[in-house]
Ligand code: GNR
Ligand code: NI
């Protein structure tokens, strides 16, 4: 197992649309184990494959207090969403930015597990928010894209300032 490097804004690879996983083999399972290890090492509640440079439709979440309940969703599809609320979000790929985002508060998702078996799962509250945040990553979307235009303008400015300041994005002059 290994912890993987996380791509950060404005890396163009975070804007790509991911393709479905085709082969449910040992290579996939080892990569999923690395994703889970990277999520836990980062103290995150979720992580998607594109954040580590893999443009396949894979996401992991773990809403437990003690990192004991990782869940894997491969080729996920939103079946239904219900309710609406605002929750404070942050993203490992947009460091230094935290904003309130409007999302469905209950979702039903169909997906495959690491063996290719399909399943459906109903998620509520923070788990629903995390899965929607990760599914956005699979479409090249970041949480700052979901803000109203004025709030997005300031969030983007913060993200750019943070990227230019220290993280070697190549933007600093
Ligand atoms: O660790 C994370 N916390 C978080 C908080 C609120 C809403 C979504 C998230 S996901 C984020 C990790 C991450 O960037 N996943 O893509
Ligand atoms: Ni994120």
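Got a number for residues in the range 16-39 being within 16 Å of ligand 2 (Cβ to nearest atom) and either over 17 Å from residue 134 (Cα atoms) or crowded, with 16+ Cβ neighbours inside 10 Å (or both)?
Result for the range 16-39: 5.
Please identify the pairs in which a residue from the range 95-108 that is on the phi > 0 side of the Ramachandran plot has its Cβ atom under 6 Å from the Cβ atom of a residue that is surrounded by fewer than 19 Cβ atoms within 10 Å (Cβ to Cβ), counting only partners at least 6 apart or on another chain.
Here the result reads 96/162, each pair linking the range 95-108 to a residue that is surrounded by fewer than 19 Cβ atoms within 10 Å (Cβ to Cβ).
Pull up the range 118-140, narrow it to residues that are more than 10 Å from the chain's Cα centre (by Cα) and without any contact (Cβ under 8 Å) to a residue 12 or more places away in the chain, then point me to the one that is nearest to ligand 2 (Cβ to nearest atom).
Across the range 118-140, the extreme among qualifying residues is 119.
Give the number of residues within the range 52-76 that are at negative phi and surrounded by 14 or more Cβ atoms within 10 Å (Cβ to Cβ).
17
Which condition number in (1) within 13 Å of the chain's Cα centre (by Cα); (2) at pLDDT below 95 is the one that residue 166 fails?
(1)
Are there any strands (runs of 3 or more DSSP E) wholly within the range 30-117 with 3 or more residues that are away from ligand 1 (no atom under 15 Å from the Cβ), and if so which?
The qualifying strands (runs of 3 or more DSSP E) are 71-82, 106-112.
The values are calculated or read from the model by the stated rules, or taken from the named source; none is laboratory data. Predicted model, so just to flag it, every value in this text is computed and none were measured. Heads up, the Cβs are rebuilt from the backbone with ideal geometry, glycines too, and the neighbour counts pull from every protein chain shown.
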